[in-house]
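*Asks:* What follows is a single structure, and I will ask about it in a moment.
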Amino acid sequence: MKKISMAKKDNLTIEDAFAQFVKKCRIKNLSDKTILDYETKMIRFYNFIEKTEPVSSISEETIDDFILSLRDEGVKDITINSYLRSIRAFLYYCMECDYIAPSFKVRLPKAEKKIKETYSDDELERLLKKPDTDTCSFSEYKTWTFENYLIGTGNRISTALSIHISDIDFENATITIRKTKNRKQQIIPLSHSLSEVLRDYLVIRGGDPEDFLFCNDYGAEASERTYQQLVQRYNIKRNVNKTSSHLFRHTFAKKWILAGGDIFRLQKILGHSDLSVTKEYVNMFGQDLQMDFEKFNPLDTLSQKTNKSAIRM
């Protein structure tokens, strides 16, 4: 057992400071997944700087050198930023506690963001074609229902698998979401199409109100890994090479915005705490933004009116 000592701030090691940071995260009731991510990212930082070094020795130059060392290893900027976001949370905690002085900002390098992949209309048509319930297995049927749910709500896979049957309110056309990334419960609309799919599914699935909506083949709770594998096999069987469940979330956002949907409502439905995260979805569309461009572009619409007036004259 470690002997208790009156450690001074100047003598506090990086390892001990991080242990205090993790304790504070648990007090704040951050998710185990978030804390594990912090711990995993710190391992890479420990490979660069000795964890027994005083935390007060960390400076802006330390972070600059850390970034350069990652680049020398061939780590891409977008991955570097992922490390920095976690380490930044720890360092800002240390600055608030006066373990590190003077304070400094941890700036993320500019990273080229690739256009995120989405499902095409042709692929969605193949995936959402209802299987023959007289011949298909329950595994195939529940996967079809699951994919309908994902494209109909934009939920993350972890959120979808946390839904209980009682969370589906058919009468008021709402879904109560109890597990989100920011741990804030919310209520989202239940569309008419998804409502019909879920009603039919529940006739076959059965179960009590407290049971999980999407289950294993025996009606019990299922893991994310299980459903990721189900989606992969199902998509390949339907001649769709894209097999990511998260692409349904990207596709939901893309179609919402291209259909003229309100970005503020999209933020609420997707459960983003910051609108800037929602705005990033606009960058994934690429050439899709050219669709009907002349129809909405002010210059083109004004030119069309001018041409029509000239014809009348």
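*Asks:* Taking only protein heavy atoms into account and a 1.4 Å probe, give the accessible area per residue of the range 206-257 in Å².
*Replies:* 53 Å²
*Asks:* To continue, here is another question. If packing is taken as the mean number of other Cβ atoms within 10 Å per residue, what is the order of 93-105, 20-32, highest first?
*Replies:* Per-residue Cβ counts within 10 Å, averaged per peptide and sorted highest first, yield 93-105, 20-32.
*Asks:* Let me know the volume per residue of the alpha-carbon convex hull for the range 71-143, in Å³. Walk me through the numbers before you get to the answer.
*Replies:* Numbers: hull volume 14.8 nm³, N = 73.
Given the Cα convex hull of the range 71-143, per-residue volume reads 203 Å³.
*Asks:* Here is a follow-up. From the residues 49, 161, 136, which one has its Cα farthest along the dipole of the range 41-189 in the positive direction, the dipole being from +1 and -1 charges on Cβ of Lys/Arg and Asp/Glu about the Cα centre?
*Replies:* 49
*Asks:* Turning to a different aspect of this structure: Along the Cα→Cβ direction, 7 angstrom out, place labels at residue 202 and residue 236. What is the inter-label distance in nm?
*Replies:* That separation, rounded to one decimal, is 3.4 nm.
*Asks:* With +1 on each Lys and Arg Cβ and -1 on each Asp and Glu Cβ, and nothing else charged, work out how big the dipole of the range 38-175 is about its Cα centre, in Debye to the nearest 20.
*Replies:* Dipole size: approximately 280 debye.
The values are calculated or read from the model by the stated rules, or taken from the named source; none is laboratory data. Computed from a predicted structure; not experimentally measured. With ideal geometry, Cβ positions are generated from the backbone for all residues, glycine too; neighbour counts draw on all protein chains shown. When the accessible area is computed, the model is the full protein with side chains, heavy atoms only, and any ligands, DNA or RNA have been set aside. Shrake-Rupley method; radii C 1.70, N 1.55, O 1.52, S 1.80 Å.
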